[in-house]
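Working notes, structure below.
The values are calculated or read from the model by the stated rules, or taken from the named source; none is laboratory data. Everything numeric here is computed off the predicted structure, so don't read it as measured data. Every residue, glycine among them, receives a Cβ derived from its backbone with ideal geometry; neighbour counts consider all protein chains shown.
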Amino acid sequence: MERINKLLENYFKGETTLAEEAELKQYFATGTIAPEHKPYSALFQAFGQEVQQQYTTPMTIVLPKQSSGKRMWVRAVVYSGIAASLVLAVWIQRPRQEEDYAIIRGRRIDNPEYAQRYAEKKLNAVNEMLRYKLKPLMDAQALKDNLRNVDEGENDKNQIIE
């Protein structure tokens, strides 16, 4: 009995070997159990019944998925590649537009010669308007140049006299 008490104590501490556990199961499987060990007999009989049970569905081990850093980087690279491929496909498949056209008064003009003549006409009109607006400034500049010539002439006259 001393040996069984020691084995039970080690069993509940989790320090028994498989051979010692088999010895305990065999002890409780026999009909000769000491009265102080009777409370433990139901526990070990349940273990014996478990061994005899046949399971119909396969047992699978379910562990929580752990995301590793490497797996996360691989996913990021894969998703980035997919996104880049989609952008490239959309860019390649975009509709082609004609390059030479102009919008004049809300209408699209595809004739480049007409658009160029129209632009020249408008630029000439702007040039005439600027020439008209800047005429007083040009006249003032011409007056300034004439006065400078007069001043230079007087300086030359003074130098000759001296």
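Results for (1) at pLDDT below 80; (2) out of contact with any Phe, Trp or Tyr (no Cβ under 7 Å at 6 or more places or on another chain); (3) of a type in the set (Gly, Ala, Ser); (4) assigned to a helix (DSSP H, G or I), shown as yes or no for each residue.
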position: Arg3; (1), (2), (3), (4): no, yes, no, yes
position: Leu7; (1), (2), (3), (4): no, yes, no, yes
position: Tyr11; (1), (2), (3), (4): no, yes, no, yes
position: Glu15; (1), (2), (3), (4): no, yes, no, no
position: Glu21; (1), (2), (3), (4): no, no, no, yes
position: Leu43; (1), (2), (3), (4): yes, yes, no, yes
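Evaluating Lys135 against the criteria (1) surrounded by 10 or more Cβ atoms within 10 Å (Cβ to Cβ); (2) assigned to a strand (DSSP E or B); (3) of a type outside the set (Gly, Ala, Ser) leaves one unmet condition, (2). For the condition at pLDDT 85 or above and in contact with a strand residue (DSSP E or B) (Cβ under 9 Å, 6 or more places away or on another chain), Arg108 qualifies.
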